[in-house]
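Read the structure below first, then the notes.
The values are calculated or read from the model by the stated rules, or taken from the named source; none is laboratory data. Keep in mind that this is a model prediction, so the values were computed, not measured. Using ideal geometry, Cβ is built from the backbone for each residue, glycine included, and neighbour counts are taken over all protein chains shown. Remember, those area values only see protein heavy atoms, side chains included, never the ligands or the DNA or RNA. Shrake-Rupley method; radii C 1.70, N 1.55, O 1.52, S 1.80 Å.
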Amino acid sequence: CCGSSGMFVPSVEFIRAHAKGNGHGGNTGAKAKADISIYGQESNYTTWRLARMNLAIRGIDSGQIAQGDTFHNDRHPDLKADFILANPPFNVSDWGGERLREDKRWKYGAPPAGNANYAWIQHFIHHLAPPNGRGGGVAGFVMANGSLSTGSGGEGEIRRKIVEAALVDCIVALPAQLFL
């Protein structure tokens, strides 16, 4: 759910700014391909084209942005990422969840067919690098405030299992209507 790559661009700029002193010169071109690779997927064809253009005009050639439905045609099925940064669409009701009841990504429980919030969360968890000597993958994502407290469709049970698995470091709740 990379949208127009709006989160990738400042992430690469951050890496460029902080890599200058480590012998990499802040390069995210050919040399930096070993340092960072960007993976994303976008279902909307026009937005997907914008995402690729957004990276290209900024000289970010390490982006692998696929087009298609993330839930039903995951174009990066074996990806295990060190970092995931996402802002998925909130409360999507027509995501086709009834066709994915036994999906391997639902380790903490099948998300409700009528709301994709916990499908997104578990999709991100599924793609995190496993714990290793450096600590494993880390995800940061924006979700609807309601996903912190809802219990409908088994979401409360999924949330409890994720917390009990020690996968949550912090939650930042922002005021309602902050982004009008």
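Things worth noting here:
- From PHE141, PHE124, residue being open to solvent by 50 Å² or more (accessible area, probe 1.4 Å) and touching a Phe, Trp or Tyr at 6+ places or on another chain (Cβ under 8 Å): PHE141
- The lone exception for GLY96 - which of (1) touching a helix residue (DSSP H, G or I) at 6+ places or on another chain (Cβ under 7 Å); (2) open to solvent by less than 20 Å² (accessible area, probe 1.4 Å); (3) within 18 Å of SER43 (Cβ to Cβ); (4) in contact (Cβ under 8 Å) with a residue 24 or more places away in the chain it fails: (1)
- Considering region 45-71, and only residues there that are in a loop (DSSP other than H, G, I, E, B) and loosely packed, with under 13 Cβ neighbours inside 10 Å, the residue that is modelled with the lowest pLDDT turns out to be GLY59.
- Within region 144-159, the set of residues being among the hydroxyl-bearing types (Ser, Thr, Tyr) and open to solvent by 50 Å² or more (accessible area, probe 1.4 Å) comprises SER149, SER152.
- Once region 11-44 is narrowed to residues that are at pLDDT below 85, under 25 Å from ASP78 (Cβ atoms) and part of a loop (DSSP other than H, G, I, E, B), the residue that is farthest from the chain's Cα centre (by Cα) is ALA30.
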